[in-house]
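The next block holds one structure in the form of structure tokens; read it before the comments.
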Amino acid sequence: MAQQTNIAAQTAFGEAVVTGNLDAIDGIVAPDSVDHDPAPGQAPGPEGYKAMFGELREAFPDLHVEVEHLVATDDELAFAYVITGTHMGPLMGRPATGRKVSYRGMQISRFDRDGKLVERWGSSDELGMLRQLGLAEV
């Protein structure tokens, strides 16, 4: 049962990001949640995730996350995903390019007994994304 609860919480997190309903993250992420791979300047807890994904959605308003593989235990989920979107807003101080991106990532999420996200480890191919946008040398 814990696996299904955690999968539902992770799915709700993804839906909050894709739809832009970032306030929903408050009900999914524990207040003292730790992101072991935070974005530069990312605050802890739900506020940090909301700010980070808010900036990403501003840069990519059509942001989409597709989970390609998922493994679950009673308190952890590991998954591989693909992020796609069109660069229509500022990103890292750079203006929109109008280019489309598609890049991969992986994440491990740990949940408490209440199904709240308490820890996250993750990595996305940000260099690949920047190269696709023409913002990094090949």
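Only Lys, Arg, Asp and Glu count, each charged at its Cβ (+1, +1, -1, -1), so figure out the dipole size of the chain about its Cα centre, rounded to 20 debye. Walk me through the numbers on the way to the answer.
Numbers: 11 positive and 21 negative charges, 103 e Å.
It comes to approximately 500 debye.
Could you tell me the largest-minus-smallest coordinate of the C-alpha atoms of the range 41-80 on each of the three principal axes, in descending order and whole angstroms?
32, 25, 12
Mind listing the phi-derived Karplus ³J(HN,Hα) values for the range 120-128, rounded to whole Hz, using 6.51, -1.76 and 1.60 with θ = phi - 60°, and x for any glycine or proline?
Result, rounded to whole Hz: 9, 10, x, 8, 10, 7, 5, 5, x.
Need one number: the % of Cα-Cα pairs in the range 11-138 sitting beyond the 23 Å mark.
On the way: 2402 of 8128 pairs.
The proportion of pairs with Cα distances above 23 Å equals 30 percent.
Considering only DSSP beta bridges with both partners in the chain, what is the antiparallel share in %, to the nearest 5? Please list the in-between numbers first.
Numbers: 27 of 30 bridges.
Just about 90 percent of them are antiparallel.
What's the angle, to the nearest 10 degrees (0 to 90), between helix 45-59's Cα axis and the longest principal axis of the chain?
30 degrees
Could you tell me how far the Cα centroid of the range 108-138 sits from the Cα centroid of the range 1-78, in Å?
With the range 1-78 and the range 108-138 each reduced to a Cα centre, they are spaced 10 Å.
Calculate the FRET efficiency for residue 99 and residue 69 from the Cβ-Cβ distance with a Förster distance of 30 Å, rounded to the nearest 0.05.
Working: r = 27 Å, r/R0 = 0.89.
Result of the calculation: an efficiency of 0.65.
Among the GluC sites (Glu not before Pro) within the range 30-138, which fall in a DSSP loop and have no more than 10 other Cβ atoms within 10 Å of their own Cβ?
Values: sites: 47, 55, 58, 66, 68, 76, 119, 126, 137; in loops: 137.
Within the range 30-138, the qualifying GluC sites (Glu not before Pro) (loop, at most 10 other Cβ atoms within 10 Å) are 137.
What number, in nm² with one decimal, is the all-direction average of the projected area of the convex hull of the alpha-carbon atoms of the range 71-125?
On the way: hull surface 19.4 nm².
One quarter of the hull surface, i.e. the mean projection, equals 4.8 nm².
Run the accessible area of the chain with a 1.4 Å probe and give the carbon-and-sulfur part as a rounded percent.
Working: 4230 of 7720 Å².
Looking at the chain in its full context, I get 55 percent from C and S.
Before I look further, what does the chain give for accessible area per residue, probe 1.4 Å, in whole square angstrom? If you can, show how the numbers build up before the last one.
Working: 7720 Å² over 138 residues.
Using a 1.4 Å probe on heavy atoms only, each residue of the chain averages 56 Å².
Which whole-number percent gives the relative contact order of the chain, counting Cα pairs below 8 Å spaced six or more residues apart? List each step's numbers first, then the result.
Values: 266 pairs, mean separation 32.2, N = 138.
23 percent.
Give the angle, between 0 and 90 degrees and rounded to the nearest 10, that separates the Cα long axis of helix 2-19 from the longest principal axis of the Cα atoms of the chain.
Helix 2-19 sits roughly 30 degrees off the main axis of the chain.
Just to verify a number: what accessible area does residue 69 come out at with the full protein assembly present, 1.4 Å probe, Å² rounded to tens?
110 Å²
Report the equivalent ellipsoid semi-axes for the range 1-62 in whole Å, largest first, defined as the square roots of five times the eigenvalues of the gyration tensor built from alpha carbon atoms. Numbers along the way, then the final one.
Details: eigenvalues 76, 47, 17 Å².
In descending order the semi-axes read 19, 15, 9 Å.
The values are calculated or read from the model by the stated rules, or taken from the named source; none is laboratory data. The structure presented is a predicted model; accordingly, all values stated were derived computationally and were not measured. Cβ sites come from the backbone with ideal geometry, for glycine too, and all protein chains shown count toward neighbours. Heavy atoms of the whole protein, side chains included, go into the accessibility calculation; ligands, DNA and RNA do not. Shrake-Rupley method; radii C 1.70, N 1.55, O 1.52, S 1.80 Å.
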